[in-house]
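Colleague: Can you keep this structure in mind? I'll have questions shortly.
Just so it is clear, none of the values below were taken in a lab; they were calculated from the coordinates. Everything quoted here is computed from the prediction, not taken from an experiment. Heads up, the Cβs are rebuilt from the backbone with ideal geometry, glycines too, and the neighbour counts pull from every protein chain shown.
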Amino acid sequence: MDIATSGHTPCETSVAHVTVTPSILYFGTPVALLSTENENGSFNLAPMSSAWALGQVIVLGLGVEGQTAHNLRSRPDLVINLPTPAQWPAVERLAPLTGRTPIPAHKRGTFRFEPDKFAAAGLRPEPAELVRPPRVAECPIQLEACAARVQPDVSGAFLIVEAHVLKVHADPRVVIPDSQHIDPAAWSPLIYSFRHYYGLGPELGRSFRSQTPRRSNCPAPTTA
């Protein structure tokens with residue numbers, strides 16, 4: 001095989017794969033902080049790492065017994081807040097907390113009830129424009145959304161939420177000037193990989209479908 005066209009570098013070699021049984025399959029997914037409304041009108045904030053986008057719809061996977069799932073079943077407003085890699089300590093401060101009381105049986109002894117998640121994480125709420133739950137002021141990208149469909153997954157252990165995004169708020173430092181495009185060179189999501197936190201590495205290339213304007217300091221490649 002011609003290395004120049006195979007997609008492999010000279011130092012890469014094939015190895016025999018082994019069969020493993022990982023306890024979780026978070027092979028590298030973005031972290032989001034979901035703000036939702038509690039029954040008493042207060043707000044819950046929860047970290048999650050099972051989210052992906054289809055156009056203007058964000059599909060979320062949630063534990064069926066958590067407070068976020070409980071809220072979205074009857075109050076569909078939410079904000080999907082996207083933190084940066086540098087904000088992982090705030091995410092981790094939220095990780096052992098639950099807004100559910102009494103604490104679900106499978107969380108007892110590991111999680112503790114916390115009614116004010118924003119304060120516990122050291123984050124500041126700011127009002128949303130179209131939904132009731134607040135945005136996380138420190139997150140560079142905030143998506144106001146409505147849970148259009150909430151249903152159990154095939155195992156019954158999780159909820160699949162299809163959230164329609166109503167409005168996107170972005171820090172101007174991650175937006176290409178005079179455009180509607182997030183600058184992928186300026187924006188880096190927090191990535192959760194097998195329960196460890198990472199950021200993105202340098203750009204490797206761009207899809208032929210990308211509509212992001214090229215930056216002036218990054219000229220288009222030329223052909224020989």
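Colleague: Within segment 94-177, which GluC sites (Glu not before Pro) sit in a loop by DSSP and count at most 15 neighbouring Cβ atoms inside 10 Å?
Modeller: Passing both the DSSP loop test and the Cβ count: GLU129.
Colleague: Could you list ILE160, ILE58 in order of exposure, starting from the residue whose Cβ has the fewest other Cβ atoms within 10 Å?
Modeller: ILE160, ILE58
Colleague: May I ask for the longest run of the chain untouched by chymotrypsin sites (Phe, Trp or Tyr not before Pro) that are loop-located per DSSP and have at most 13 neighbouring C-beta atoms (other than their own) within 10 Å?
Modeller: Between the exposed loop sites, the longest stretch runs 1-193.
Colleague: Hey, can you rank 85-92, 172-179 by average C-beta count inside 10 Å, highest first?
Modeller: In descending order of packing, they fall as 85-92, 172-179.
Colleague: Per the helix-only calculation at 222 nm, which mean residue ellipticity applies to the chain, given -39500 (n - 2.57) for every DSSP H run of n ≥ 4 and division by its residues, nearest 500 deg cm²/dmol?
Modeller: Estimated from H runs of four or more residues: -2500 deg cm²/dmol.
Colleague: Can you compute the charge dipole magnitude of the chain about its Cα centre, using +1 on each Lys and Arg Cβ and -1 on each Asp and Glu Cβ, nothing else charged? Give it in debye, rounded to the nearest 20.
Modeller: For the chain, the charge dipole is close to 260 debye.
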